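This report refers to the structure that appears directly beneath it.
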Amino acid sequence: MEIDDIPFRIKKGLPAAVFHDYAVLADPHFGFEEALNAEGYSVASKTNELLADITALNSENLIILGDIRSGYTEILPNEGRELFTILSRLSNRFKNIIITKGNHDGGLSKLTDRLPNIKLVKEFLYRNVGFLHGHALPSEELSKTVKTICFGHLHPSITISDRNGVIYKKDCWSLFDIHLPKKKYKNSIVKYGVAVPKFNKYIGSTDVIRKSGLMRYAKPTGRLSTDMLIV
């Protein structure tokens, strides 16, 4: 896939995109502060800031590519109340919300089922693109339908060294050629993958491609930083 072939409108400096009448983002990881504070840090809540950034997206509908929450364990009452408040605010802002369930989203259906315009799904097909979190492989049915898969999970970044030798990271979009195993996906037409950067700027990212899930069958072809630097 070439940069010009990305089927989304990407704005400079924004870790989200627009696909027809949906805004698309990945990995907000609400509640990440709790784990840091448990380690002795003092991190103020960023929930309102993250919500403001999401609700400011210029779109009628929203796709979130998984990992709404940060924790892996059971959703306890305090977290459940905060997550329901977050989801309710998003529900009031967007007409339709699709969440492709991520590896952090266990138990989330107990909350999303209470909001009729939010759907928690394994994967989502819209127009000519398949959407999923990326920690697991797509269904065989989806693979027979789309050439391009859009996913999160990776938290991709570019490592850059400036003229003074200072090294830093930039969140980025990553492009892949994808070849699913023929034994399982006999009729797959999937060719391309687009990995969306994490929406939460306060959590970590990496320039190392982890060969798990969908990445076992993906070959990197290009990266596009959120300020439009192409590498």
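Worth a mention:
- Summed side-chain charge close to HIS135 - residues other than HIS135 whose Cβ falls under 15 Å, Lys, Arg +1, Asp, Glu -1: +3
- Proxy reagent accessibility, fewest Cβ within 10 Å first, across VAL194, VAL121, VAL18: VAL121, VAL18, VAL194
- Vicinal HN-Hα couplings computed from phi for the stretch 124-129 (Karplus, 6.51 cos²θ - 1.76 cosθ + 1.60; Hz; Gly/Pro x): 9, 10, 9, 6, 10, 10
- Amide hydrogen neighbours beyond the local backbone of SER59, cut-off 5 Å, H modeled: none
- The order of ARG69, ARG114, going from fewest to most other C-beta atoms within 10 Å of their C-beta, is ARG114, ARG69.
- Annotation for the stretch 87-154 versus the stretch 161-231: alpha-carbon center distance of 19 Å.
- Per-residue HN-Hα couplings for the stretch 9-26 [Karplus 6.51, -1.76, 1.60; θ = phi - 60°; Hz; x = Gly/Pro]: 8, 10, 8, 4, x, 10, x, 8, 9, 10, 10, 6, 9, 10, 7, 10, 8, 9
- Among the chymotrypsin sites (Phe, Trp or Tyr not before Pro) in the stretch 45-143, those located in a DSSP loop and surrounded by at most 15 other Cβ atoms within 10 Å of their own Cβ are TYR72.
- Working from label points 7 Å from Cα in the Cα-to-Cβ sense, the LYS211 to ALA35 distance is 2.5 nm.
- Counting every other Cβ atom within 10 Å of each residue's Cβ, THR226, THR100, THR55, THR73 order from fewest to most as THR73, THR55, THR226, THR100.
- Subset of LYS11/LYS170; LYS101/LYS169; LYS144/LYS183; LYS101/LYS170; LYS101/LYS198 violating a 18 Å alpha-carbon distance limit: LYS101/LYS169; LYS101/LYS170
- Where both bridge residues fall in the chain, DSSP classifies roughly 55% of the beta bridges as antiparallel.
- FRET E, pair LYS11, LYS147, Förster distance 30 Å, beta-carbon r, rounded to 0.05: 0.80
- Residues ALA44 and ARG114, FRET efficiency given R0 of 30 Å [Cβ-Cβ distance, rounded to 0.05]: 0.60
- Of the trypsin sites (Lys or Arg not before Pro) in the stretch 152-231, the ones in a loop by DSSP (not H, G, I, E or B) with at most 14 other beta carbons within 10 Å are ARG163, LYS182, LYS183, LYS184, LYS186, LYS201, ARG210, LYS211.
- Potential lengthening between ASN187 and ASN164 on full extension [0.36 nm per residue; Cα-Cα distance subtracted]: 3.2 nm
- Looking at the stretch 167-231, the chymotrypsin sites (Phe, Trp or Tyr not before Pro) that sit in a DSSP loop and have at most 16 other Cβ atoms within 10 Å of their own Cβ are TYR202.
- Range in the chain, longest, excluding exposed GluC sites (Glu not before Pro) [loop by DSSP; at most 10 other beta-carbon atoms within 10 Å]: 75-231
No lab work stands behind these numbers, since they all come straight from the coordinates. Not measured: the values here are computed from a predicted model. Counting neighbours? That spans all protein chains shown, and the Cβs are built from the backbone with ideal geometry, glycine included.
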